[in-house]
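Single-structure report; data block below.
The values are calculated or read from the model by the stated rules, or taken from the named source; none is laboratory data. The model shown is predicted, which means the values in this text are computed figures rather than measured ones. Here Cβ is always computed from backbone atoms with ideal geometry, including for glycine, and neighbour counts include all displayed protein chains. Quick note on the areas: whole protein, heavy atoms, side chains included, nothing else; ligands and nucleic acids left out. Shrake-Rupley method; radii C 1.70, N 1.55, O 1.52, S 1.80 Å.
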Amino acid sequence: MSARPDAPEPVHVLLVDDLPANLLALEALLRQDDVVLLKATTGEEALELLLRHDVALALLDVQMPGMDGFELAELMRGNERTCHVPIIFVTAGSSDTQRRFRGYDAGAVDFIAKPIEAHVLRSKAAVFFDLYRQRRQIASQRDELAAITTALRQADRAKDQFLAVLAHELRNPVAALMSGLDLLNRPREPEQAEEIRRQMERMLFHLARLVEDLLDVSRISEGKVSLKTTRVELKQIVLSAVEGVRHTLDASRHTLHLDLPEEEVWLEADYTRLAQVVANLLTNAAKYTPAGGRIELAARVSGAMVEITISDNGVGIPPAMQSQIFEIFTQVEDHRARAQGGLGIGLALVKRLVALHGGTIAVASAGPGRGSTFTVRLPLGAAQG
C-alpha cells in the first residue's frame with residue numbers, strides 16, 4: 001500500500017520466520033500505510049533484504065532450520081550496515097534464562113512469546129518506529145547544519161579576501177592623494193602642479209567608483225534601488241557607455257568593434273543603470289585582456305528580446321568558475337594580478353541590475369587564455385520605431 005502524501009516517511013520492518021502462516025500473522029498485526037514489511041523464510045533471504053534496505057526493526061523467529069534466529073542476529077551485529085538494527089526475538093519455546101542470555105548477547109532488545117498479543121507487539125514496534133524516524137530526522141538536520149557550516153566558512157573566507165582587496169584598493173589612491181598634497185605644498189612650476197592635480201583627480205575618480213559600486217551592491221541587496229524607466233534607444237545607451245570607458249580602453253591600447261542594428265531599438269529601461277551595465281562589462285573585458293587586445297560589442301533583436309554580447313580575446317574563465325562568476329566577492333584566483341584594480345563586485349552588480357530590468361545575463365568561455373563572451377538579454381519596449 002502506498003503512503004499518503006502527508007503521511008510520515010515509510011519505515012521498513014524485517015519479518016523472519018520459516019513458516020509462511022506466521023509471516024502472514026505478523027504482517028496482519030503490523031500493517032500500516034507508512035510501514036513497509038519485508039518478509040523472509042530463511043536467514044539467507046533476510047541477509048539479502050538487509051543489504052538492499054535500511055531497516056527500522058527486525059522480528060526474528062528463534063527456531064528455524066539451517067540458520068536460526070540467534071545466528072542471524074550475530075551476523076547482523078557483525079555487519080556495520082546492520083549492527084544498530086533493533087532485534088526482537090519471537091519464540092514459541094521456553095524462555096529460560098540461558099536462552100534469554102544468548103538472545104541478549106546476540107543483540108536482542110526484547111523477546112515476544114507466541115501466541116503473540118497484538119497490542120504488545122504493536123506498542124513495542126511503535127516505539128522503535130518513532131526512534132528510527134527521530135534518528136533519520138537528526139541525521140538530516142546534521143547534514144543540513146554541515147552544509148550551512150560549509151557555506152558560512154566559504155562566505156567568511158570570501159569576506160576576508162574581499163576586505164584584503166578593499167584595503168589594497170583604498171590604500172593606493174589614498175597614498176597617491178597624500179603624496180600629491182605633499183608635492184603641491186612645495187614650490188614648483190605651474191605646469192607641474194597641473195599634472196599633479198590631474199593625477200589626483202584620477203585617484204579621486206577611482207575612489208568614487210569604488211564607493212559607488214559598494215553602495216550599489218548594498219542598495220540592491222536590501223531592495224532599495226528603484227529604476228527610473230523611460231523609453232530609451234539602445235544605440236544611445238551603448239555609445240554613452242563606450243564614451244565612459246574610452247580612457248580605460250585607450251590606456252591598454254585595446255581595439256573596440258561595434259556591431260549595432262541600423263534601425264532604432266527601443267527599450268523601457270533606466271538609461272543610467274543600463275549604461276552602467278554595458279560600461280561595467282566593457283571595463284571587465286578591458287581589465288582581463290592583455291594590452292592591444294580586441295573587444296567586440298554586438299547587439300541584435302531576437303523575438304521580443306534584444307541581445308547584447310561583449311566578447312574579448314583575453315585570459316578567459318575556467319569552466320569550474322563560470323557558474324560562480326556573478327557571485328558577490330568572487331574573483332578568479334589566477335586573474336587577481338591582471339585585474340588592474342577592482343573589488344570583484346562589478347559582475348555581481350551587473351547581474352542584479354539586469355535582473356531588475358527583467359533580463360538575464362550569461363557567460364561563455366572556452367577556458368583559460370581563450371577569451372570570454374557575456375550575453376545580456378533584455379525585453380524590448382512595447383512600441384518600436
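Structural remarks
- Charge-dipole axis of region 172-300 as Lys and Arg at +1 and Asp and Glu at -1 on Cβ define it, positive-most pick from ASN280, VAL232, VAL174: VAL174
- Candidates ARG52, ARG77, ARG219: whichever shows maximal mean-square fluctuation once the chain is modelled as a Gaussian network with Cα springs under 10 Å: ARG52
- Nearest-20 debye value, the chain charge dipole, Cβ charges on Lys, Arg, Asp, Glu: 1000
- Computed lengthening from THR149 to ALA193, 0.36 nm per intervening residue step minus Cα-Cα distance: 10.4 nm
- Positive dipole terminus of the chain, leading residue within ILE325, THR91, MET200 (C-beta point charges): MET200
- Relative contact order for region 251-299: 74 percent, from Cα pairs under 8 Å spaced at least 6 residues apart, divided by residue count.
- A simple spin-label model places the labels of VAL109 and VAL211 6.6 nm from each other, with each point 7 Å out along Cα-to-Cβ.
- Efficiency of FRET from Cβ geometry, ALA158 and VAL301, R₀ 41 Å, rounded to 0.05: 0.60
- Chain lengthening between LEU19 and LEU258 when straightened (0.36 nm per residue, less Cα-Cα): 77.7 nm
- For the chain, the spread of Cα positions along the three principal axes, ordered from largest to smallest, is 113, 57, 38 Å.
- Lys pairs, the chain - Cα-Cα below 22 angstrom, 8 or more residues apart or on other chains: 8
- Nonlocal amide H pairs with VAL36, under 5 Å, H built at 1.01 Å: VAL11, HIS12, VAL13
- Sites ALA92 and GLN137, calculated FRET efficiency, Cβ-Cβ separation with R0 35 Å, nearest 0.05: 0.45
- Rounded percent of accessible protein surface that carbon and sulfur make up, the chain, 1.4 Å probe: 54
- Of the GluC sites (Glu not before Pro) in region 201-254, the ones in a loop by DSSP (not H, G, I, E or B) with at most 11 other beta carbons within 10 Å are GLU222.
- LEU75-THR375 pseudo-label distance in nm [points 7 Å out on the Cα-to-Cβ vector]: 5.8
- Net length gained if the chain between LEU51 and HIS247 were fully extended (0.36 nm per residue, minus Cα distance): 63.7 nm
- Charge dipole (the chain, unit charges on Cβ, about Cα centre) - positive-most of ALA108, LEU37, GLY367: GLY367
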